[in-house]
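Structure, as C-alpha cells:
The values are calculated or read from the model by the stated rules, or taken from the named source; none is laboratory data. Fair warning: this is a prediction, and the values are worked out from it, not measured in the lab. Here the Cβ is made from the backbone with ideal geometry for all residues, glycine too, and neighbour counts use every protein chain on show.
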C-alpha cells in the first residue's frame, strides 16, 4: 500500500467548530489537520415574502415518483426538500444542524443515538409530528424487501424505538460516529404514520410548501405552508419546478423571463449570461464528481489491468479545460475531495497513453473496442466529455464507441444497466456516507458492482473507530483501494454553475448539493 497523506477537512466549518464536534463524539480533536473553506456566492438584500418562483431544472423524468425512497436527481430532490423535513440538515455554511430533531446524543461507543424532536410541528394534513412518524418513515427504507436507494444506509440500524412522543432511539449494529449526518439524506424524509406505515406517494410532509400538483417529467407546483414552523424560510407564495432538460431551451427561458432561475448553465455560453444585466450567474466550488462507472463483473472490465488502462487513457486537465471551461478541477479516480474530513492526498494519476498500453498488454490486448453510453442528462457537456475521452484513449489503442442515449429514462434504463456509462455524484456529508452508498459490496448504488473484501472490512471497522488518527488512516487506505482497483474512471470535480434573474435574492449558497443544497425553494426570495 502506498503511503498517503491525510487531511481532516470539512467544508464550511471552522477549526473551533470542528473541535467542538470532535469533543461531542468523544474523538481526539487534536488530529483535525487543515481545514478548507469553500468559495461561495452571497446576496445582501433583506428577504421578503411573496411571489411565484419558477425554477427551470435540467432533470425530470416521466418515471419520477413522490416516493422519497426513489428520489434520483435535482428535480425530485429539490421538490422533496420543499415539501418535506428531515431529522437533520446540512446548512449553507456546510455544518450539520437539527431540522425536525432539536438535539441528538450518541452513546460513548456511538452505537445508540437518541434524537429529541421539536414540539409543535404539524404535517400538511394537520397531524402533529411524533416519534412514531420518524420510526415509520425510517422503516419504509429498511427490510429485505426494501427497494429504497437508502437501504444500504439504514441497514446498519438494528432497531428504532420511541421513548415518549418526541424522543426516538436508534440502536445500531455497530457504532457509527457519523450517524447524525446520514439522517439528513434526501431520501429519509419524515412523513406521517398511519398504524406504523407511511403513504410514500401522498406528497404530505411538514416542509415549507404543500404539494398542489405533480406531473412527472414536466412540472410540480407547491404553495407556501402557512403553518410552517420555520419563520425565516419559505419566502415564496408558490413555486413551480419545471423540467427543461435542453440547456439552450432552459437558458432562453431565463433570458426571456419565462423562469426566474435555472441550474446547470451551459458552460459554452456562460459568458453571454454574464453580460446580461438582468441575470446573475452563481458559481460555487464543490466536490461534485463526474465519472465513468464500469461494471467490474462484466468483461473486459473484470480485469483490473483494463480498468487501469482506461484510467491512464484520459487527459483530466484537458477535460476540465475543454468541457468544464475551467469551472472545476481534476479528480483522481476516487470520490473524496478536499472538503471531506478524511481526504487522502494520493499521487495524482496522469494522462499516459504508453502506460495505458502497458496495462492493456498485461490484460492480453493489443487494442480494445468499447461501447460507452452517455447523455447530457448526466451533466451539461457529458456527450462532449465522452467524445473527448474517445480522442484521448485512441492514442492508447482503445477505441471508444460513444452511444448517445435518450435523456428521459437515462437513470432507469442506462445507469447500472449498461456495462460502461457515465454518471455523477453530489458530495455526501462524510466519507462513510459516500462509501456506504456507492462502494460497499451490498450498496444500493454500487454502480460498478465492485466488491472488495479489504475495503468492506475497513469500511465496517472505520465506522465505529473513535481513535481519530486510526480512523483517518483507514479512510486513506479505502481511497487508495478505489484509486488502484475500483471500477470508476473519475476525471473531474465540477463547480455548481447556476443563474437567476437579479430580482431573486439569496444568502450564502450551500456547497453540499446543487441549487443551494437543493433547498433553493426554501432559502431564496424575491427582492422587495
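Out of 427, 335, 419, report the one residue that is under 25 Å from the mean Cα position of the chain (by Cα) and at pLDDT below 95.
Testing whether each residue is under 25 Å from the mean Cα position of the chain (by Cα) and at pLDDT below 95 leaves just 427.
Restricting attention to strands (runs of 3 or more DSSP E) lying wholly within segment 133-250, give those where 1 or more residues are in contact (Cβ under 8 Å) with a residue 60 or more places away in the chain.
Once the strands (runs of 3 or more DSSP E) in segment 133-250 are filtered for at least 1 residues that are in contact (Cβ under 8 Å) with a residue 60 or more places away in the chain, what remains is 167-172, 209-215, 219-224, 238-243.
In contact with a helix residue (DSSP H, G or I) (Cβ under 8 Å, 6 or more places away or on another chain), free of Cβ contacts under 8 Å to residues at least 24 places away in the same chain and within 16 Å of residue 153 (Cβ to Cβ): is that true of residue 441 in this structure?
Taking the combined requirement at face value, the residue satisfies it.
Is there a residue being touching a strand residue (DSSP E or B) at 6+ places or on another chain (Cβ under 9 Å), part of a strand (DSSP E or B), over 27 Å from residue 339 (Cα atoms) and not assigned by TED's automatic domain parsing to the domain that holds residue 236 anywhere in segment 118-127?
Scanning segment 118-127 turns up at least one residue that is touching a strand residue (DSSP E or B) at 6+ places or on another chain (Cβ under 9 Å), part of a strand (DSSP E or B), over 27 Å from residue 339 (Cα atoms) and not assigned by TED's automatic domain parsing to the domain that holds residue 236.
For the condition in contact with a helix residue (DSSP H, G or I) (Cβ under 9 Å, 6 or more places away or on another chain) and either in a loop (DSSP other than H, G, I, E, B) or modelled with pLDDT under 95 (or both), what is the one hit in 258, 297?
Just one listed residue meets the conditions, 258.
Which is crowded, with 16+ Cβ neighbours inside 10 Å, within 30 Å of residue 467 (Cβ to Cβ) and under 26 Å from the mean Cα position of the chain (by Cα), of 149, 110, 136?
After ruling out the rest, the residue left standing is 110.
Run down 115, 71 and say which single residue is farther than 24 Å from residue 339 by Cα, in contact (Cβ under 8 Å) with a residue 60 or more places away in the chain, touching a strand residue (DSSP E or B) at 6+ places or on another chain (Cβ under 8 Å) and not assigned by TED's automatic domain parsing to the domain that holds residue 261.
115
Among the residues of segment 354-368, is there at least one that is surrounded by 20 or more Cβ atoms within 10 Å (Cβ to Cβ), modelled with pLDDT under 95 and more than 30 Å from residue 173 (Cβ to Cβ)?
no
Considering 318, 266, which residue is surrounded by fewer than 22 Cβ atoms within 10 Å (Cβ to Cβ), within 24 Å of residue 56 (Cα to Cα) and touching a residue at least 60 places away in the same chain (Cβ under 8 Å)?
Just one listed residue meets the conditions, 266.
Residue by residue through segment 302-311, note down the ones that are surrounded by fewer than 22 Cβ atoms within 10 Å (Cβ to Cβ) and either on the phi > 0 side of the Ramachandran plot or out of contact with any helix residue (DSSP H, G or I) (no Cβ under 6 Å at 6 or more places or on another chain) (or both).
Answer for segment 302-311, where residues must be surrounded by fewer than 22 Cβ atoms within 10 Å (Cβ to Cβ) and either on the phi > 0 side of the Ramachandran plot or out of contact with any helix residue (DSSP H, G or I) (no Cβ under 6 Å at 6 or more places or on another chain) (or both): 302, 303.
Scan segment 430-449 and tell me whether some residue there is touching a strand residue (DSSP E or B) at 6+ places or on another chain (Cβ under 6 Å), exposed (fewer than 15 other Cβ atoms within 10 Å of the Cβ) and either in a helix (DSSP H, G or I) or modelled with pLDDT under 95 (or both).
No, the conditions are met nowhere in segment 430-449.
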